[in-house]
Structure formats: C-alpha cells, structure tokens
1. Can you name the residue in the stretch A:219-234 that is touching a Phe, Trp or Tyr at 6+ places or on another chain (Cβ under 9 Å) and farther than 14 Å from A:LEU259 by Cβ and, of all such residues, is modelled with the lowest pLDDT?
2. Looking only at residues in the stretch A:129-147 that are of a type in the set (A, V, I, L, M) and out of contact with any helix residue (DSSP H, G or I) (no Cβ under 9 Å at 6 or more places or on another chain), which one is nearest to A:LEU272 (Cα to Cα)?
3. Does at least one position in the stretch A:100-109 carry a residue that is in contact with a Pro (Cβ under 8 Å, 6 or more places away or on another chain) and in contact (Cβ under 8 Å) with a residue 12 or more places away in the chain?
4. Being part of a loop (DSSP other than H, G, I, E, B) and not aliphatic (A, V, I, L, M) is the filter here, so list the residues in the stretch A:216-235 that pass it.
5. Based on this model, can you work out whether A:ASP126 counts as within 16 Å of DNA strand C (Cβ to nearest atom) and over 14 Å from A:LEU167 (Cα atoms)?
6. If A:VAL265 satisfies all but one of (1) part of a loop (DSSP other than H, G, I, E, B); (2) at pLDDT 95 or above; (3) surrounded by 17 or more Cβ atoms within 10 Å (Cβ to Cβ), what's the number of the condition it fails?
7. A:LEU216 - would you say it is away from DNA strand C (no atom under 16 Å from the Cβ), touching a Phe, Trp or Tyr at 6+ places or on another chain (Cβ under 9 Å) and touching a residue at least 24 places away in the same chain (Cβ under 8 Å)?
Amino acid sequence: MITHLANPDRQLAADIRAGSITFAGNKRMKIFGTLRCAQGKRMKRENRIFFQSIDEAINEGYRPCGHCMNVAYHKWKMDLFNNNIDETRNLLPQDGTVNYYGNILSPKAADRYLDYLLASIPWQHDEAVIFGKHYLTKRKVAWYADMPYEYTYSKVTKRAVVWTAELLELKAIVEQKTGERFNSCLLNLYHDGNEGMAWHSDGEKDLMKDGAIASLSLGAERKFAFRHKQTKETISLMLPHGSLLVMKDTTQTHWLHRLPPTTTVKRPRVNLTFRMMLR
DNA sequence: GGCCTTGCATGGAC
DNA sequence: GGTCCATGCAAGGC
C-alpha cells in the first residue's frame, strides 16, 4: 500500500500509465482506474491510496469514496422504499443466519406505535456489571412476556411483566411475517445517538438455544453491526423506522452484535427484540 | 496542491 | 451490553 503523500505526483502518474499500480478511494470494495472515483468525482488527493495489485487492495480491505457511498446508500433506500428486499437472503457469510425484512409497518403505523411506546411503557434504566463495576445505563429498558419469566444478563436478573394490547399486536405482526413464535420481548429506548450498545451476543441460558430473535426498530435510523468472534469480520446495515431484522441458528454462538454510538443522530430509537424464553 | 483543523467512527483496556 | 482514550480516516477551509 502506498499513500499519495509519500510519492511525487509525477512518479505516481507514470506508475499508473505503466499499469504497475492501481488505486482505491479509502477502504473496501472497489478499484478505480483513474484519478476520479466510480461516480466521476475527483478524489481528494491526500485521501488517495495506491496498490500494486488488485489482490493487495482487496487484502487491505477498502471501499469507495464518500460520493460512491452516498449513491449506494440512496439505492439501498430506494430498494427499501419500493420493498425490493429479499427476505430470504442471509446477511452473514457463515456460522449463523440473519434475515432483513425491510419495513414491515406503514410509516403511519410505525409513528403510532412509536408514540405509544414512548408515552406508555414504564421505561427504566438498565443495570450492568462490567469488570466488577456496577453501572446504570443511559438507555432504558422494559421487559414483557407471556408470564413473569426471569431473565439474567450482565449479572442482573429481571422479571417480566405481561403484554400490553399494543405489544401483542406487534408480536402478532412479527410472528406472521417471520413464521416464528415468541413468548417475550426486551424493549430498549435509546434517547439519541450518544446511547448505544457495546459488542455482545444474546447467549443467556434462559433463552432457547439457536432460537430466533426478531428485532423491530422504531424511531431514528441507526447503524447495526455484526462481528465474527474468531475472524473479526464485520457486517453492518442501517435499521430504519418500522424495519425488522431476524437473527437465528448459530448467530449468537459465533457472532457479536452492537449498536454503535453516533454523534449525528439526535432523535430517539425504540427497539423491540422478540425472543423465545425457556420455561 | 498541500497543510491544518475538525468531526467522526472504531477498537482496546479496564 | 459501560466508559475512556488513542488512533486513523475523511473532508472542509484556506
């Protein structure tokens, strides 16, 4: 890998003409054969990174410049808007199954449920024990189920309360969409982008092993990421208002997931994770 | 074209 | 399933 600043322009131009180097924008995905990105925009010189072969570039892992990323993002949004989502596609390359269903609620219904949840759920700060320290989280949680099940994570045990009518409606919609059955739901409220959730997996003994966990997102669109426990490979996607994501099979055994904090999101997000608890 | 600054995301240590 | 800090991009100003 060669950075632009380490090499005189004239030398770089000669190397490109001779075909002895090719180059990429920033990280991951595409190789561009000119000093413009794939969208025809000039790339800022000092951000250019050069490689001597495509293999070397791929091994380094790189992606298109910001302009290309925006185009890809808008295409993804249009696909979502037009419901061009393949619900059967597995987002994970190995060791688990994650299906993305796109928007399963109309914008109006999603707004209505979000308003209801924000106003009516008895949200409480969560507790966590990490490296022996006891924390009260900024995000808030609520825990609903068929019966007052107990659920332990991060060394804290919670007791569920029984469903509300609105949560039962959402459960029915998610069950119909996924063909799975659920007996409980953990709700998380992230007030803004400052609040997130660190890498973890939902592998508690109270949970049915390899059971499906369906994650319904309401409110602010946030990034969601998976990281393989051994290979460290990461996969990320955006989860917009009214969208559904399902994790199942050995996903929790081999992959961590997280909701990264971000400074750019100012609105709240509510996440409902429907699960199957062992009785 | 290039230096400087800022903003942002990420990962590791505890 | 938190928090803090270091690091490294990406991009704007000039």
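The values are calculated or read from the model by the stated rules, or taken from the named source; none is laboratory data. The structure displayed is predicted, hence computed values, not measured ones. Methodologically, a virtual Cβ is constructed for each residue, glycine included, from the backbone with ideal geometry; neighbour enumeration extends over all protein chains shown.
1. Across the stretch A:219-234, the extreme among qualifying residues is A:GLU233.
2. Across the stretch A:129-147, the extreme among qualifying residues is A:VAL141.
3. The answer is yes; a qualifying residue exists.
4. A:GLU221, A:LYS229, A:GLN230, A:THR231, A:LYS232, A:GLU233
5. Yes, satisfied.
6. Looking at each condition in turn, A:VAL265 falls short on (2).
7. Here the answer is yes, as A:LEU216 does meet what is asked.
Okay, residues lined up against (1) part of a loop (DSSP other than H, G, I, E, B); (2) touching a residue at least 24 places away in the same chain (Cβ under 8 Å):
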{"position": "A:ALA142", "(1), (2)": "no, yes"}
{"position": "A:GLU166", "(1), (2)": "no, yes"}
{"position": "A:ALA172", "(1), (2)": "no, no"}
{"position": "A:ASN194", "(1), (2)": "yes, yes"}
